[in-house]
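The values are calculated or read from the model by the stated rules, or taken from the named source; none is laboratory data. Because the structure is a prediction, the values reported are computed rather than measured. No Cβ is skipped: glycine too gets one built from the backbone with ideal geometry, and neighbour counts run over all protein chains shown.
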């Protein structure tokens with residue numbers, strides 16, 4: 001991305017590729033345009049001759065500082081900054097009224113564990129591993145691994161399904177009588193990881209939907225309303241995308257080294 005930056009103290013402008021910002025800053029700071037030590041500061045002729053170079057050097061320094069400040073500003077200030085995702089083209093948004101989840105209107109996910117509840121949770125994140133093409137893999141911020149038995153295909157997955165899996169792990173840890181082994185030390189470490197991952201996901205998404213407080217006539221007090229409308233990504237569309245690209249891979253296949261070819 002090229003950014004046109006005003007050259008301070010000069011009428012010219014400088015085009016900088018922010019992808020190589022560090023190199024540009026170093027180049028400018030080492031540039032021959034920077035003024036050298038004036039050997040005879042008392043000489044008006046020498047000073048006058050060097051004045052354009054001094055102004056140019058000062059301008060270069062200020063431009064470098066401006067670029068450095070812009071480049072390292074908090075990411076939230078860069079409204080167009082985002083990482084590539086192979087599913088981004090199918091993302092759409094719609095309004096969703098949240099369910100407060102209390103006894104009189106409790107979705108299946110919050111009910112006491114049964115086979116039906118377990119199945120409902122499992123269906124939320126059953127498509128955890130997806131295939132992406134090489135071109136899609138090359139667009140991703142982090143390298144990923146090729147699928148051993150599918151040339152030109154790479155392993156990926158959407159973090160929303162990892163987050164749901166983690167939330168389910170926390171749910172199961174609340175019912176050790178139904179899920180044996182949840183109190184095992186290794187399982188507790190897994191649950192701790194899951195708590196951390198869900199926490200980071202919530203902070204990353206940072207839902208800014210305003211919560212309402214309203215007078216409750218029955219309780220004769222003001223109470224918070226949890227059943228407000230949110231702007232949500234269409235989860236079903238994302239799940240359909242993952243279903244179409246779902247790939248099953250065994251642990252044995254993951255033990256085979258394959259060069260990723262992502263250069």
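Which number in (1) closer than 22 Å to residue 113 by Cβ; (2) within 28 Å of the chain's Cα centre (by Cα); (3) touching a residue at least 60 places away in the same chain (Cβ under 8 Å) marks the one condition that residue 160 misses? The failed condition is (1).
Looking at the range 241-252, which of the residues that are in contact (Cβ under 8 Å) with a residue 24 or more places away in the chain and in a helix (DSSP H, G or I) is farthest from the chain's Cα centre (by Cα)? Checked the range 241-252; the qualifying residue farthest from the chain's Cα centre (by Cα) is 243. Of all residues in the range 71-95, those satisfying the criterion of being out of contact with any helix residue (DSSP H, G or I) (no Cβ under 6 Å at 6 or more places or on another chain), at pLDDT 95 or above and in a helix (DSSP H, G or I) are 88, 89.
Taking residue 137 as the residue in question, decide whether it is surrounded by fewer than 14 Cβ atoms within 10 Å (Cβ to Cβ) and under 20 Å from the mean Cα position of the chain (by Cα).
Working: surrounded by fewer than 14 Cβ atoms within 10 Å (Cβ to Cβ): no; under 20 Å from the mean Cα position of the chain (by Cα): yes.
Taking the combined requirement at face value, the residue does not satisfy it.
Would you confirm whether or not the range 96-117 contains a residue that is under 30 Å from residue 142 (Cα atoms), in a helix (DSSP H, G or I) and at pLDDT 75 or above? Checked the range 96-117: no residue is under 30 Å from residue 142 (Cα atoms), in a helix (DSSP H, G or I) and at pLDDT 75 or above.
Given the criteria without any contact (Cβ under 8 Å) to a residue 24 or more places away in the chain, crowded, with 17+ Cβ neighbours inside 10 Å and within 26 Å of residue 205 (Cα to Cα), does residue 173 qualify?
yes
For the range 121-236, which strands (runs of 3 or more DSSP E) that fit wholly inside it have 1 or more residues that are more than 26 Å from residue 108 (Cβ to Cβ) and either at pLDDT below 95 or assigned by TED's automatic domain parsing to the domain that holds residue 101 (or both)?
In the range 121-236, the matching strands (runs of 3 or more DSSP E) lie at 130-133, 153-156, 212-216, 221-225.
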